[in-house]
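Engineer: Got a structure for you, written out below as structure tokens; questions coming shortly.
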Amino acid sequence: MTGKMLLTSAVVLLLFGLTALAASPFSGSWNTAVALSPTPFSLSGFSSLLTVDYTLGGFTASSDSDLYLAGFIWQGFGLTGSLGAFKVQGDVLFGPTTASFLYDQLIVTTSIAGIDLGLYAAQLSGDVLGGPADGSVLRVAGTIGSLQIVNCFEMGARIKDSDYHGITIVHAATGVSKTYITNPLTPGQGFTGDKLTVSGWSFACLSDGSVSLYMTDQGFDSLKLDLAGIKTGLSWLTVDLALTFEMQTKSIVLTPTLNVGNATCVVPYVDIRTGSANNTLSSGSSSLTGISLDGFSITHAFGNVTVKDLTVLDTGRYGITTEAYGSRIESYADASANGDQLYPNYWELLSIAATGSGCCGGTVRFVANTYFETAGGLFGWGMTHIQATLPVNQELSLSGLLQVSTAGIDQLGAGVDFSW
């Protein structure tokens, strides 16, 4: 009886607290999810993420608290706002259980006579893999006619763009991660690289193109050419092409994308293989030895429903990322560098995702992923992962999770997402 009274009191206090927050000048969100493993029955997952924002005088301060089954693993604080012509953003991350500083960044941007200027600076603690490190980036961007020109002068750091993912900090015990824009790479503030990108040029059958040249303090590093919307003479087919030359690995990466109509996208993962001339490494020269198809993805959209198929042909070098990391094909080398999680035992994914408007506001979401095992043959089913989100109203939504594999039911989960 006492237990029931305590539980009832906790629920009443919780609802009262949520109502009070909704009526206050604060805004934010609270998401809690629980996952159970039936065989054997145990609590396999727990997360409680609380974000609180407070706006005053043109500035917004935020607090992010992340609790998982392993404990209170992250506490972050942020501040965004404007000081005259300057926009300012600051972020800092702590590890509460060890009372340690992990990461911080400061971003200051402004625009002068049509030229965008940005200074990005960050520090990484020695308690994080890759630290201690600090650095900064000066970004200058502008337009000349239809061309967009962006130059990033790097002093020990890189920033997130079409090629770089910023920095992903991974908690080793849980595998969860946080991503920030500025990635400090080395201690000190000396020159480490410069990246120049010119985009927006078009001619003949090409609707949009860009070229990126990356130089480091050691000299030439890479050259990337992106060609989008290449017309093939067929009204229903256009091609996107990305070609990258990398000096460090002496490799050429070719990434074509076939756009079939307005709803279908086909991406073959092609590897251009090179080798030393005359089979001697001492010759210092290399030659094209072949082109291999390592995998492909097909995506088609039917209104609010998207069907996707991923197939990995070279399972020794490529894998499929988890749902949290986009469910895409990625090489093991890139996944390790970006901190992404892969499924190493599955070679094919068939996914169906749907979104729609809820009856009382909010968005209905449904995702069903079916994976096929590498060692299971052509139709060797391995796992099915289903997630669904149902809004109760614009502020409150409920979610569910079911994961079934060849071993039986792996996980049953439920979650609540509240915003105010």
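The values are calculated or read from the model by the stated rules, or taken from the named source; none is laboratory data. As the structure is a computational prediction, the values presented were derived from the model and not from experiment. Cβ: placed from backbone, ideal geometry, glycine included. Neighbour counts: every protein chain shown.
Table: residues versus (1) touching a residue at least 12 places away in the same chain (Cβ under 8 Å); (2) more than 29 Å from Asp53 (Cβ to Cβ); (3) hydrophobic (A, V, I, L, M, F, W, C).
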site: Phe72; (1), (2), (3): yes, no, yes
site: Leu83; (1), (2), (3): no, no, yes
site: Phe86; (1), (2), (3): yes, no, yes
site: Gly90; (1), (2), (3): yes, no, no
site: Gly114; (1), (2), (3): yes, yes, no
site: Gln148; (1), (2), (3): yes, yes, no
site: Phe153; (1), (2), (3): yes, yes, yes
site: Gly166; (1), (2), (3): yes, no, no
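Engineer: Failed condition for Met215, given (1) over 24 Å from the mean Cα position of the chain (by Cα); (2) modelled with pLDDT under 90, with all others met?
Structural biologist: Of everything listed in (1) over 24 Å from the mean Cα position of the chain (by Cα); (2) modelled with pLDDT under 90, Met215 misses just condition (2).
Engineer: Out of all the residues in the stretch 114-147, which are of a type outside the set (A, V, I, L, M), surrounded by fewer than 21 Cβ atoms within 10 Å (Cβ to Cβ) and within 19 Å of Asn338 (Cβ to Cβ)?
Structural biologist: Of everything in the stretch 114-147, those that are of a type outside the set (A, V, I, L, M), surrounded by fewer than 21 Cβ atoms within 10 Å (Cβ to Cβ) and within 19 Å of Asn338 (Cβ to Cβ) turn out to be Gly130, Gly131.
Engineer: Out of the stretch 333-359, which residues are at pLDDT below 90, more than 23 Å from Leu313 (Cβ to Cβ) and surrounded by 13 or more Cβ atoms within 10 Å (Cβ to Cβ)?
Structural biologist: Matches in the stretch 333-359: Gly339, Gly358.
Engineer: Is there a residue in the stretch 348-358 that is assigned to a strand (DSSP E or B), more than 25 Å from Leu396 (Cα to Cα) and under 20 Å from the mean Cα position of the chain (by Cα)?
Structural biologist: Yes: one or more hits.
Engineer: May I pose another question? Tell me, which residue of the stretch 68-107 that is at pLDDT below 90 and of a type in the set (A, V, I, L, M) is farthest from Ala157 (Cα to Cα)?
Structural biologist: Out of the qualifying residues, it is Leu69.
Engineer: Could you list, in sequence order, the residues of the stretch 134-171 that are more than 19 Å from Asp91 (Cα to Cα) and outside any strand (DSSP E or B)?
Structural biologist: Result: Gly145, Ser146, Ser162, Asp163, Tyr164.
Engineer: Which of the residues that make up the stretch 360-373 are in contact with a Pro (Cβ under 8 Å, 6 or more places away or on another chain) and surrounded by fewer than 16 Cβ atoms within 10 Å (Cβ to Cβ)? Before you say what the answer is, go through the steps one by one.
Structural biologist: First, the residues of the stretch 360-373 that are in contact with a Pro (Cβ under 8 Å, 6 or more places away or on another chain): 360-364.
If the condition is that a residue be in contact with a Pro (Cβ under 8 Å, 6 or more places away or on another chain) and surrounded by fewer than 16 Cβ atoms within 10 Å (Cβ to Cβ), then Cys360, Gly361, Thr363 are the ones that fit.
Engineer: State which residue is surrounded by the most Cβ atoms within 10 Å (Cβ to Cβ) when the search covers only the stretch 303-332 and only residues that are assigned to a strand (DSSP E or B) and among the hydroxyl-bearing types (Ser, Thr, Tyr).
Structural biologist: Only one residue tops the list, namely Tyr318.
Engineer: How many residues does the stretch 187-198 contain that are buried (at least 16 other Cβ atoms within 10 Å of the Cβ) and either part of a loop (DSSP other than H, G, I, E, B) or over 23 Å from the mean Cα position of the chain (by Cα) (or both)?
Structural biologist: Counting residues in the stretch 187-198 that are buried (at least 16 other Cβ atoms within 10 Å of the Cβ) and either part of a loop (DSSP other than H, G, I, E, B) or over 23 Å from the mean Cα position of the chain (by Cα) (or both) gives 4.
Engineer: Now a separate question. Of these, Asp340, Asp417, which one is in contact (Cβ under 8 Å) with a residue 12 or more places away in the chain and over 22 Å from Leu310 (Cβ atoms)?
Structural biologist: That would be Asp417, the only listed residue that is in contact (Cβ under 8 Å) with a residue 12 or more places away in the chain and over 22 Å from Leu310 (Cβ atoms).
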